[in-house]
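The values are calculated or read from the model by the stated rules, or taken from the named source; none is laboratory data. Just so we're clear, the structure is a prediction, and the values are computed from it rather than from any experiment. So basically every Cβ, Gly included, is an ideal-geometry build from the backbone, and we count neighbours across all protein chains shown.
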Amino acid sequence: MGRREGSSPLFNTNHMQTIHGEFSFSLGKKKYQASLTLNALRLMCNAFKIPLGEIDNWLSQDPLTAVPAFAYYGVKNECARKGTDSGLPDFEQFCAQALDDQETLEAMMKAVTEALGGEADKKGGNE
């Protein structure tokens, strides 16, 4: 009757141990530093009311919301760690700006992929 560690869809400890990433990006004239950690994931899940076990599904079904959300809450997390104001616009304005800038969007996608333990596409072949 007991569950194996990491087997719960709502609390996958294997997934949780792998999330970590730091990156920076510019949006408009402002530069942001993001820290994708468990706290960023917690903030994002609470804001979007998404159970932890549904993150991968959400990311694949709605990447145009999910990818900017990871970056947005990564910035909020970094500022919370430092005790500073993020200076972020509201989420809809953030998305409007981020989704209009291909370079920023690609940087966000790469950072999210790496933070979740995946590999961003590498040019030039295999490891």
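Worth a mention:
- In summary, Ala34 fulfils each of the numbered conditions (1) over 13 Å from the mean Cα position of the chain (by Cα); (2) within 20 Å of Gly118 (Cβ to Cβ); (3) of a type in the set (A, V, I, L, M) with the single exception of condition (1).
- Single residue of region 108-119 satisfying the filter (in contact with an Asp or Glu (Cβ under 9 Å, 6 or more places away or on another chain) and surrounded by 13 or more Cβ atoms within 10 Å (Cβ to Cβ)) that is modelled with the lowest pLDDT: Leu116
- Members of region 67-104 found to be under 12 Å from the mean Cα position of the chain (by Cα) and without any contact (Cβ under 8 Å) to a residue 40 or more places away in the chain, listed by number: Ala69, Tyr72, Tyr73, Lys76
- Test: residue in region 27-40 that is free of Cβ contacts under 8 Å to residues at least 12 places away in the same chain, over 21 Å from Thr104 (Cβ atoms) and either of a type outside the set (S, T, N, Q) or in contact with a Pro (Cβ under 7 Å, 6 or more places away or on another chain) (or both): no
- The numbered conditions (1) modelled with pLDDT of 95 or more; (2) within 12 Å of the chain's Cα centre (by Cα) are all true for Ala47 except (2).
- So Asn77, is it at pLDDT 95 or above, of a type outside the set (A, V, I, L, M) and either more than 22 Å from Ile19 (Cα to Cα) or surrounded by 15 or more Cβ atoms within 10 Å (Cβ to Cβ) (or both): yes
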